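The block underneath contains the structure these notes are about, expressed in structure tokens.
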Amino acid sequence: GTDNLRSDNMADDDWVIGVWLAVLSSVMTNLGTTLQKLSHKHNASLPSSQQITYIKQWRWWTGFGIFLASQFVNTAALAFAPESLVAPLASVSIMMNAVTSYCILHEQLTSRDLVATFIVSSGGVLCIIFGPHPPDKNFELMDLMSYWTDTAVVVYLFMFGTVTSFLVFKSHQIERGIQRGSSSLQTSSLLHGPRFLSLSYPLLAGLLSSFSLLLTKCFAETLRQTLEGHSQLDKPFTYLITAATVVVALSSLFYINQGLKAFDAKYMVPFYFTVYVVLTIVEGIIYFHEWDDITLTQGCIFSMSVLFTCSGILLLSTSQPAGHDVVAFKRVNTEDEGEPLVDMPTEVNVNDDDEELDDFYN
């Protein structure tokens, strides 16, 4: 009887382990993304003939290694705590980002940046307090498979696919136009100019990262069942989830780096993490039916917390310096290869009349 009681108490405290692992993962994630940004920044400071792709930069690989390790820690956290509790703890990265952006990247922090960071972080904390906190439970493979056919999940997947496809198509269209020096893209218009990329990159990174966490949770459940002696290796769903997790995770990493190469980390990281946190909670509510444990009062306060967090993102995004809200992608010959040409994004300072941008394209 005593052993069973001790086992129950340990199970009740599992969420605490999950919280600490999630905090550690957030710290590592921030450090990894900061080092990747530092690598991009160092490469951009070199003469064009010496610039190389980020996959050849040792600083980037160091940051990527830490970032990759943080994802394994985050997967472990999901084994101890529900997804809706783990995700909001990414707000720790937002608070750390204000410090690392200033100390490591030497980015200027204004009082507006600090206020916006405080709002975003406070919103994340409120989401943790008032968000769904269902007791973590084990899911059978058949349950995970059946959840994907729920009406709410199908509707969400349709909306997710539509928004993601639009952002990817529009972003690549703008990138190609900038590479060609298209005059039609020499504008600060939100939907037709490079400014669109300042929104699409963090949005895509957040969208894909949140979906990656959902897939990772499913993968962790199938792995748990296998380790417990109930092998799932003969189920096609196991391999489908594994492949989808890898593809989506790599895609999110790509857009994270696209954003870090073009924009300040103090802008990119909070935007990305907040989209990631909010969507992860929404996906947990829809996919794992966590709305069953939310009262009306709790749901109202949680919704207000999300809006509060989004207001911080808006404040932070509008504080981006005018000289950094347009991205120009130019083709650069690497010194050691000569060919092929490599697309390298470069931050370009522009005036409101776009004179500098015209000179750059010409």
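The values are calculated or read from the model by the stated rules, or taken from the named source; none is laboratory data. None of the values given here were measured: they were computed from a predicted structure. Methodologically, a virtual Cβ is constructed for each residue, glycine included, from the backbone with ideal geometry; neighbour enumeration extends over all protein chains shown. The protein model used for the area step is the full one, side chains on, heavy atoms only, and it has no ligands, DNA or RNA in it. Shrake-Rupley method; radii C 1.70, N 1.55, O 1.52, S 1.80 Å.
Take the residues in the range 225-241 that are assigned to a helix (DSSP H, G or I) and surrounded by 15 or more Cβ atoms within 10 Å (Cβ to Cβ); name whichever of them is modelled with the highest pLDDT.
This residue is 241.
Considering the range 270-288 alone, what residues qualify as being under 16 Å from residue 31 (Cα atoms) and either under 8 Å from the mean Cα position of the chain (by Cα) or not in a helix (DSSP H, G or I) (or both)?
272, 273, listed by residue number.
Taking helices (runs of 4 or more DSSP H) that do not extend beyond the range 1-80, which have at least 3 residues that are within 24 Å of residue 98 (Cα to Cα) and at pLDDT 85 or above?
It comes to 14-44, 58-78.
Within the set of pairs 6 or more residues apart or between chains, which connect a residue that is closer than 23 Å to residue 248 by Cα inside the range 219-236 to a residue that is open to solvent by 50 Å² or more (accessible area, probe 1.4 Å) and outside any helix (DSSP H, G or I) with Cβ atoms less than 6 Å apart?
Going by the 6 Å Cβ cut-off, the qualifying pairs are 220/79.
Being at pLDDT 85 or above and either surrounded by fewer than 23 Cβ atoms within 10 Å (Cβ to Cβ) or out of contact with any helix residue (DSSP H, G or I) (no Cβ under 9 Å at 6 or more places or on another chain) (or both): is that true of residue 182 here?
In short, no.
Taking the conditions exactly as written (at pLDDT below 85, under 26 Å from residue 264 (Cβ atoms) and either open to solvent by 20 Å² or more (accessible area, probe 1.4 Å) or of a type outside the set (Val, Ile, Thr) (or both)), does residue 92 satisfy them or not? Even if it seems obvious, please write down each step before you answer.
Working: at pLDDT below 85: yes; under 26 Å from residue 264 (Cβ atoms): yes; either open to solvent by 20 Å² or more (accessible area, probe 1.4 Å) or of a type outside the set (Val, Ile, Thr) (or both): yes.
Answer is yes for this residue.
With the requirement that a residue be closer than 26 Å to residue 80 by Cβ, assigned to a helix (DSSP H, G or I) and open to solvent by 40 Å² or more (accessible area, probe 1.4 Å), what does the range 138-161 give you?
If the condition is that a residue be closer than 26 Å to residue 80 by Cβ, assigned to a helix (DSSP H, G or I) and open to solvent by 40 Å² or more (accessible area, probe 1.4 Å), then 142, 143, 145, 146 are the ones that fit.
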